[in-house]
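K.L.:
Can you keep this structure in mind? I'll have questions shortly.
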Amino acid sequence: MSDLTRIITAAGVGGILTFLALYFLPFGKTLLGHDRGRKFVEGSEVNIGKPTGTGIYFTLVFILAVCALSTAGTGIYLIMTLTFLMSFIGFLDDRSKAPWGEYSKGLLDFVVAMLGSVVFIRFFGTGIHISFSDETFILNPVLYIVLATILIVVSINATNATDGVDGLSGTLTIITTLTIMLSANLHGLLTPEKALPGIVLVVILAVYLCFNHYPSKLLMGDAGSRSIGFFIAFYFMYLGLPFAYLIICLPFLIDGGLSILKITIGRLTHKKIIILKNLITPVHDHLKKKLGYTVPKTWAVLCLAALTLDVIYLLAVILLLRLF
């Protein structure tokens, strides 16, 4: 089977199975939780009662499609296993009667991130590229594990915090995935094998958005957002451009990351230091509550900002690679 055939088959089968799973929600009444609403989150009451945790469906389809048609070997299988583990942890939280404590989830995030980092350097090495250069740098393995663990934890939580507006997290992930793939291609790093999981993810999330666009019929929950966050971090490392996350994923970091930073600093200082006092976080809540944006307008503004940023980034990469 040719590389193109494998990619088309994985994406096509993944898309069809995702549609069927989300349309019929097999075992949904006993398997899924229902949204409880989020305290202090503007407009979250409209989601109360909707099926949540449906990310477990598309995550499982994504993993099976990639593992069935990838030829990358043991390393990718182990990363996909950890991606499912991250989804399953989120799924258990989605269906629990009361949300899990943040410290419990934080510890689990750290453990899975650490495992992912160790698996990554064992099978894929510690080579990295700088976004605007073709040079390859080899990092010390210990340093790589530390930085990779931080990247994964940040990505998991930033993606999770962004999942508060219909269609937002899924759309931002599609934009992010396509951008890092194009960037890797400009560097000559995008092989068919490395392109396969990215293309499958884009197709599966596009299908998910058919059910999650405003007004949404179902929600991915932590089962989806946390597995996506884990995989995004891995994918940047897999394509050899981990530091590009800081630019390409800036919308995630601004929208969801600022919320995490604000809460963390407040708790570490026992609320003696409160940053961004006049900004409601996540930022999408500020747009809705303070500026009066509708859900579709909030989605459009943040996605357009992400798209604009990524286009500028890609143009800068093209220019600088030609110059240097």
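K.L.:
Looking at this structure, is Leu17 in a helix (DSSP H, G or I), surrounded by fewer than 14 Cβ atoms within 10 Å (Cβ to Cβ) and either in contact with a strand residue (DSSP E or B) (Cβ under 6 Å, 6 or more places away or on another chain) or modelled with pLDDT of 85 or more (or both)?
P.N.:
no
K.L.:
Here's something else I'd like to know. Run Val301 past the list (1) modelled with pLDDT under 90; (2) surrounded by 15 or more Cβ atoms within 10 Å (Cβ to Cβ); (3) among the β-branched types (Val, Ile, Thr) and report the number of the one that doesn't hold.
P.N.:
Result: Val301 passes all but (1).
K.L.:
Give the residues of segment 93-144 that are outside any loop (DSSP other than H, G, I, E, B) and in contact with a strand residue (DSSP E or B) (Cβ under 9 Å, 6 or more places away or on another chain), sorted by residue number.
P.N.:
Asp93, Asp94, Arg95, Gly127, Ile128, His129, Thr136, Phe137, Ile138, Tyr144
K.L.:
Hey, among Ala184, Ala158, which residue is crowded, with 22+ Cβ neighbours inside 10 Å and under 24 Å from Gly73 (Cα atoms)?
P.N.:
On the way: Ala158 fails: under 24 Å from Gly73 (Cα atoms).
On inspection, the qualifying residue turns out to be Ala184.
K.L.:
Among all residue pairs at least 6 apart or on different chains, which show Cβ distances below 8 Å where the first residue, located in segment 224-251, is in contact (Cβ under 8 Å) with a residue 24 or more places away in the chain and over 15 Å from Thr126 (Cα atoms) and the second is among the acidic types (Asp, Glu) and part of a helix (DSSP H, G or I)?
P.N.:
Note: pairs meeting the criteria are Arg226/Asp109; Ile248/Asp310.
K.L.:
Before we move on, is Asp109 surrounded by 20 or more Cβ atoms within 10 Å (Cβ to Cβ), of a type in the set (Asp, Glu) and over 21 Å from Thr149 (Cβ atoms)? Write out each step before concluding.
P.N.:
Details: surrounded by 20 or more Cβ atoms within 10 Å (Cβ to Cβ): yes; of a type in the set (Asp, Glu): yes; over 21 Å from Thr149 (Cβ atoms): no.
Here the answer is no, as Asp109 does not meet what is asked.
K.L.:
Can you confirm whether segment 146-164 contains a residue that is in a helix (DSSP H, G or I), among the hydroxyl-bearing types (Ser, Thr, Tyr), under 14 Å from Gly224 (Cα atoms) and at pLDDT 95 or above?
P.N.:
So far as segment 146-164 goes, yes, one or more of its residues are in a helix (DSSP H, G or I), among the hydroxyl-bearing types (Ser, Thr, Tyr), under 14 Å from Gly224 (Cα atoms) and at pLDDT 95 or above.
K.L.:
What is the residue count in segment 20-68 for residues that are modelled with pLDDT of 80 or more and of a type in the set (S, T, N, Q)?
P.N.:
Within segment 20-68, residues that are modelled with pLDDT of 80 or more and of a type in the set (S, T, N, Q) number 4.
Residues checked against (1) of a type in the set (A, V, I, L, M, F, W, C); (2) closer than 18 Å to Phe84 by Cβ:
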position	(1), (2)
Ala195	yes, no
Gly198	no, yes
Ala206	yes, no
His213	no, no
Ser216	no, no
Met220	yes, yes
Gly229	no, yes
Ile232	yes, yes
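K.L.:
What are the pairs with Cβ atoms under 6 angstrom where one residue, in segment 23-45, is on the phi < 0 side of the Ramachandran plot and the other, located anywhere, is at pLDDT 85 or above and basic (Lys, Arg)? Sequence gap at least six, or different chains.
P.N.:
Gly33/Arg95; Glu42/Lys288; Glu42/Lys289
The values are calculated or read from the model by the stated rules, or taken from the named source; none is laboratory data. The structure presented is a predicted model; accordingly, all values stated were derived computationally and were not measured. Glycine gets a Cβ as well: all are built from the backbone with ideal geometry, and neighbour counts include every protein chain shown.
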